[in-house]
Amino acid sequence: VRRLLVLFVLVLLCAPALAAQPLAPGERLEGRFVQERHLKGFAQPLRTEGRFDLVPERGLIWRTETPFATVTVISAAGILQLVEGKETSRIDAARAPFLARLYDLLGGTLGGDWRVLERDFSVSRSGTDERWSVTLLPRNTAEAVAQIGQMTATGGRFVETVEIRRPNGDRERLRFLEQRPVREPLAEEDERLFARLGR
Amino acid sequence: VRTAAILWLLVVATAAAYLGFRVVEGVQLRTDLLALLPQEDRDPAVQRAKERVAAAFGRRIIVLVGHEDRATARTAGARLAEWLGASPMVRSVTHALHADAVRDLGQALFPFRAGLLAASDRARLEAGRGAEIVQRALATVYGPAGIADARLLQADPFLLLPNFFAELPPPLGRVAPDEGVLSVPDGGRTWVFIAAQLEGDVFALDFQARFAGFFEGLEARIRAETSGLEVLRTGAVFYAERAASQANRETSRIGVASLAATATLILVVFRAALPLVHNILAMGIGILVAFAASLFLFGELHVGALLFGVSLIGIAVDYSLHYSCERFSRTPTPPRERLRHVLPSIALGALTTIVGYMTLFFAPFPGLHQVAAFSAFGVAASFLTVVLWLPLLDRGGSGPHGGRMLAAADRLWLLWEAPGHRRTRLLLGALLLLGATLGAVRFTVDDDIRRMQSLSTELKPQETEIQRLTGISSAGFFFLVRGATAEAALQAEEMLLPRLRRAQEEGALAQYQAVAHYIPSTARQQADRTLVEQRLLRPYRDRYYAQLGFTAEPAEAPAASGVLTLADFLRSRAGDAVRDLVLDETTHIVVLNGVVRPAAVQALATGIPGVALIDPTGDVTRLLGAYRGRAVLLLIASAALMLPLLAWRYGLGGSLRVLLPSTLALALAPLLLAAVGLPFTFFSAMALVLVLSMGIDYAIFCREGAVGRRSVTMLGVGLATATTLLSFGLLTLSSAFAVHAFGATMLVGIALSFMLAPLAGKKN
C-alpha cells in the first residue's frame with residue numbers, strides 16, 4: 001500500500017511542466033503510458049501499456065490495456081481497482097489518510113508550491129523549461145517514501161519519462177506518450193468510476 | 001434525668017473523639033454512582049468483564065487536536081502527547097502508531113500466512129471463484145502501485161496476506177495512521193488523535209480535580225503556543241469532575257440559601273435566639289453521632305450516602321421545633337413540663353421514622369444500607385439530645401407575639417373543620433382529583449441512567465464531535481464470548497463474525513473488533529490452508545508463474561504444524577493488538593462501536609453457545625427500574641410495619657386515620673408531578689419513602705395534640721413543614737435530573753402531607 005506513493009509522486013511529477021504552462025481551468029490531461037518493470041527472478045521485464053486521464057481536483061484514471069485490461073481509479077476518497085468491470089480491490093482514504101494528504105500535495109504543487117515536495121525529497125533540477133530533468137532522493141530513510149528509492153523524471157511541456165530505482169536493485173521505467181490537454185467533459189463511464197469510488 | 005443527660009454527653013464525646021481520630025487518619029469517601037448500586041449479576045464472569053471494560057473506558061481520555069495546517073496539527077499533537085505522557089497521573093499515551101507496531105504485526109503473522117485468509121477470499125474460493133484472486137494478483141503485479149517483488153511472490157504467490165491485513169478492522173474507528181501519527185482528515189482540517197490511559201483512582205474526587213486542572217493547564221498552554229488550534233476532549237474523568245464541581249456549587253448555593261432561610265424563619269417565628277441554638281445543637285449532634293457510627297460500621301462512606309443521610313437527619317430538627325413551639329402555649333410552663341407535652345408525639349415520631357429507615361435495610365443497595373444506618377443513628381441521637389439536653393439548657397418563655405402565630409396556625413384546622421369552609425374543601429378536593437386524573441393519564445416512568453446525571457453542556461458537544469470525527473463511541477455494548485478452551489472461544493467468534501458483518505451492512509452497528517480477526521481458530525487455519533492448496537495453488541500457481549515469466553523456485557510450503565495460537569500471539573510483540581479483547585485465554589470480548597439497533601445485535605448471538613450481548617448502561621437502567629419497583633414495595637412494607645405501632649396507641653380505626661394523610665400524599669404526589677410532565681423515577685420513589693416517614697410524623701402530632709393545645713401543635717407541624725420544604729424542596733432547583741426529581745417529589749409530597757395532616761386529628 002505504501003508504494004502507492006510511487007504513483008502519486010509520479011503524478012506530482014507532471015507538476016513542474018504543468019506549472020510552467022499549466023492546464024487551463026476546466027482542462028484535463030489525456031495520454032498513453034508504457035510501463036516496464038525489471039524485477040529480479042523474472043525471465044523478462046513486466047511490460048504494461050495503456051491510457052491515463054488526469055483530472056485536476058478529481059483524480060486519476062489509469063487503464064491498463066496490455067497484457068490485459070484493468071482499471072485503477074485514484075481520488076481523495078481512496079483507490080479502486082477493477083478487472084473486467086468487477087471490483088477486485090478497494091482502499092478507502094479513511095483507512096489510509098496519506099492518500100488525502102498526497103492529494104493536497106498534488107494541489108499545492110499544481111499551484112507551483114515546491115516546498116511540500118522538498119520536505120520529503122531532496123530535489124535537483126537541471127536543463128531548461130523546454131527540456132528538463134528532475135531527480136528526487138528520499139530525505140528520511142526511515143519514512144515510507146524511502147522504499148521508493150531514487151526517481152528521475154525528464155520532460156518538456158509535460159513529463160515524458162520516469163525512472164525509479166529500488167533499494168533491492170529492482171527498477172521501473174515509465175514513458176508517457178501522446179499527451180494532450182482536453183476540454184470536453186469526462187466520458188459518462190469515467191464519471192461513473194469516480195462516483196463508484198465515492199465523494 | 002440529669003444522670004442520663006451526663007451519660008449521653010459521654011456517648012457524644014466518645015463519638016466525637018472517634019470521628020476526630022478517623023478524620024485525622026483520613027476518611028475514605030467514594031463517589032462512583034455504581035458503588036451505591038448492588039451487583040446484580042449472578043454470573044461472576046459477566047461482572048468481571050463489565051468491570052474490566054468499565055475500568056478501561058473509565059480510565060481512558062480521548063483528545064483531538066485540529067488545525068488547518070497538517071504540520072501544525074501534528075506538532076501540537078506531539079507536544080500535547082509528550083506532556084501528558086510525562087505526568088505520573090497518566091499510565092500510557094497512544095498518539096503515534098509506530099512503524100514498529102505495524103512491522104511487529106507483520107512479523108508475528110507472516111510465518112502463518114498459509115492459514116490466514118481474508119473472509120472475502122475464503123468466500124471466493126469456497127464458491128470456486130479462485131480465478132478472481134488470480135486476476136487480482138496479476139492486476140496488482142502489473143498495476144501502477146507495484147507492491148510485488150520476487151521475494152513476496154515467492155512467499156505469497158497470490159498476495160493473500162496483504163488482503164488479510166486489508167480486511168483487519170481499523171483499530172480506532174475512522175482514525176488511521178498518517179505517516180505513523182494517528183489522524184483523521186476532515187474537510188480542510190487535520191485532527192491528530194491522542195488517547196491516554198490514566199493512572200490513579202478516577203472515581204476519587206481529588207484525583208478528578210487534580211487531573212482536570214492539570215489538563216486544563218496543558219490545553220491553555222498548547223492553545224497559547226499555536227494560534228487557530230482546536231482542542232476537543234472527552235473522558236469519564238472530565239464528566240465526573242464537572243459533575244462533582246457542579247454538585248459542589250449547587251450544594252453550597254442551595255445549602256446556603258436553605259440554611260439562611262431556615263434560620264431566618266426560626267428567628268422570625270420565635271423572636272429569640274435560643275430555639276435556633278437548640279435546633280443547631282440537635283442537628284449537629286445527630287450528624288456527628290451518625291457519621292461516627294456509620295464509619296465504625298462500614299469503614300468508609302459514600303458521598304451520596306452522606307448527603308442523603310444528612311438530609312434525612314433534617315427530619316430530627318422537627319423534634320426540637322416542636323419542643324420550642326411549646327413556648328407559645330397559652331399557659332406558661334417550665335421546660336420540663338413542655339417536654340412532657342411533646343414527648344409522646346416526638347417519641348412515636350422518632351420511632352416510626354426509624355422503622356421507616358430500617359426498611360431501607362431490606363433493599364439490597366449497599367449505598368442504601370449506609371443511608372439507613374446513618375439516618376437511623378442520626379435521628380436517634382437528635383431525639384435523645386432534644387429529650388435529655390434541651391430542657392436543661394432552656395431558659396425564657398413565650399413572647400407577646402405568640403397569639404398571632406397560634407391564630408395563623410389555627411387556620412389549617414379551621415379549613416378542615418369549620419362548616420363555613422365546606423365549599424373550599426370541596427373545591428380543593430375537586431382540584432386534587434382533577435390533577436390526579438390528568439397525572440394518571442400522563443403518567444410515565446423513566447429509569448435511563450444517562451438522563452439521571454446532568455451532562456456538562458460544555459463537554460457533551462465535544463464528545464459528539466469526537467464521535468462524529470472518529471466513529472469511536474463511549475463505553476457501550478459488547479459481546480462476551482466464553483469457551484471451554486481458547487479454540488472453542490475463537491470458533492464461537494467465527495460463527496458470530498459473519499452475522500456481525502451482515503448486521504453492519506444493514507446499518508445495525510458501525511463497527512466491531514474481535515480476536516478472531518487476527519487469530520483464526522486452529523480449525524479454520526487448517527481448513528483455509530487446505531482450501532488455498534486445493535482450490536488456488538494446485539490449479540493456478542504454475543500457469544500464473546509462467547504467465548508472469550517468474551522463474552524463481554517456489555518457496556517450501558510452511559510445515560503443517562505451523563498454526564498461530566492465541567497464547568503465542570499474546571506473547572509476541574504484536575500481542576497488544578488484541579490485549580484489550582482478551583480477558584483470559586478462554587474469555588474474550590467483541591467490542592461493538594456505534595450500535596444503532598440493540599435488539600437486532602442481541603439477536604445475532606442466538607444459537608451460538610457461550611456468546612452473550614452485554615449492555616452495561618442498559619443493565620444499570622434496568623436495575624434502577626427494578627429498584628424503583630422495589631422502593632414502592634418498600635413503602636408499602638414500611639407502612640405495614642408502622643401499623644401495629646400506631647394501632648397499639650390509637651386502635652385500628654385511629655391508626656388508619658393517622659395513615660390516611662400520608663397515604664393520600666404518597667398517591668397524589670407522583671400523579672400531580674406527572675400532570676406537569678415529570679416522569680416517575682427511582683429517585684422519586686426514594687423521596688416518597690421520606691414523605692411517608694415525615695407525613696406520619698405530622699399526622700401523629702395532629703392526633704396527639706390535646707384539644708386545648710392544638711394550635712401549638714399545628715404551629716410546630718407548620719414550622720417543620722416549612723423547614724423541610726426549605727431544605728428538600730430547594731433541591732427541585734438542581735440541574736441534575738435525579739436530584740431534581742427527588743426534590744420535586746419531596747416538595748409536593750410534604751406540602752400535601754401537611755395540608756392533609758389535620759385529617760388525622762380528633763374531631764373538635
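The values are calculated or read from the model by the stated rules, or taken from the named source; none is laboratory data. This is a predicted model, so every value here is computed, not measured. When we count neighbours, we look across all protein chains shown, and the Cβ atoms used for this are built from the backbone with ideal geometry, even at glycine.
Descriptive notes on the structure:
- Per the listing B:T732, B:T713, the residue uniquely crowded, with 22+ Cβ neighbours inside 10 Å and either of a type in the set (S, T, Y) or part of a loop (DSSP other than H, G, I, E, B) (or both) is B:T713.
- Residues of the stretch B:475-509 classified as in contact with a helix residue (DSSP H, G or I) (Cβ under 7 Å, 6 or more places away or on another chain), outside any loop (DSSP other than H, G, I, E, B) and not charged (D, E, K, R), total: 10
- Options B:V691, B:V632: the member that is surrounded by fewer than 24 Cβ atoms within 10 Å (Cβ to Cβ) and of a type outside the set (S, T, Y): B:V632
- When B:Y545 is tested against (1) touching a residue at least 60 places away in the same chain (Cβ under 8 Å); (2) more than 14 Å from chain A (Cβ to nearest Cβ), exactly one condition is not met: (2).
- Test result for A:R95, at pLDDT below 65, at the interface with chain B (Cβ under 10 Å from one of its Cβ atoms) and surrounded by fewer than 20 Cβ atoms within 10 Å (Cβ to Cβ): yes
- Scan of the stretch B:79-95 for residues that are of a type in the set (A, V, I, L, M) and surrounded by 16 or more Cβ atoms within 10 Å (Cβ to Cβ), ordered by number: B:L80, B:A81, B:L84, B:M89, B:V90, B:V93
- Conditions (1) under 24 Å from B:Q246 (Cβ atoms); (2) in contact with a Phe, Trp or Tyr (Cβ under 6 Å, 6 or more places away or on another chain); (3) not hydrophobic (A, V, I, L, M, F, W, C): number failed by B:T732: (2)
- Selection from the stretch B:650-693 of residues that are farther than 20 Å from B:R630 by Cβ and at pLDDT below 85: none
- Helices (runs of 4 or more DSSP H) (entirely within the stretch B:232-327) containing at least 2 residues that are more than 30 Å from B:V184 (Cα to Cα) and of a type in the set (D, E, K, R): B:236-270
- Qualifying residue in the stretch B:607-625 (condition: among the charged types (D, E, K, R), in a helix (DSSP H, G or I) and either touching a Cys at 6+ places or on another chain (Cβ under 6 Å) or at pLDDT 85 or above (or both)): no
- Checking each residue in the stretch B:185-219 for being in a loop (DSSP other than H, G, I, E, B) and farther than 21 Å from B:E463 by Cβ picks out B:G188, B:E199, B:G200, B:D201, B:A204.
- Residue within the stretch B:685-695 that is assigned to a helix (DSSP H, G or I) and within 20 Å of B:W413 (Cα to Cα) present: yes
- Qualifying residue in the stretch B:217-237 (condition: crowded, with 18+ Cβ neighbours inside 10 Å, within 20 Å of B:A305 (Cβ to Cβ) and of a type in the set (G, A, S)): no
- Any hit, the stretch B:89-103, residues being in contact with a Leu (Cβ under 8 Å, 6 or more places away or on another chain) and in a helix (DSSP H, G or I): no
- The residues listed here are A:E87, A:E36, A:E65, A:E49; of these, the one that is over 30 Å from B:R124 (Cβ atoms), assigned to a strand (DSSP E or B) and within 12 Å of chain B (Cβ to nearest Cβ) is A:E36.
- Among (1) modelled with pLDDT under 85; (2) within 29 Å of the chain's Cα centre (by Cα); (3) over 16 Å from B:A380 (Cα atoms), the one test that B:L295 misses: (1)
- Scanning the stretch B:256-278 for residues that are buried (at least 17 other Cβ atoms within 10 Å of the Cβ) and among the small types (G, A, S) yields a count of 2.
- Residue in the stretch B:517-534 that is touching a helix residue (DSSP H, G or I) at 6+ places or on another chain (Cβ under 9 Å) and under 30 Å from A:Q44 (Cβ atoms) present: yes
- Per the listing B:I466, B:I472, the residue uniquely of a type in the set (V, I, T) and either closer than 30 Å to B:R122 by Cβ or not in a helix (DSSP H, G or I) (or both) is B:I472.
- Complete set of residues in the stretch B:529-565 that are modelled with pLDDT of 85 or more, within 18 Å of B:Q154 (Cβ to Cβ) and of a type in the set (S, T, N, Q): B:Q547
- When the stretch B:120-172 is filtered for residues that are more than 10 Å from chain A (Cβ to nearest Cβ), at pLDDT below 85 and over 22 Å from B:F110 (Cβ atoms), only B:L172 remains.
- For the stretch B:173-219, filtered to residues that are within 14 Å of chain A (Cβ to nearest Cβ) and farther than 19 Å from B:G471 by Cβ, the residue that is modelled with the highest pLDDT is B:G188.
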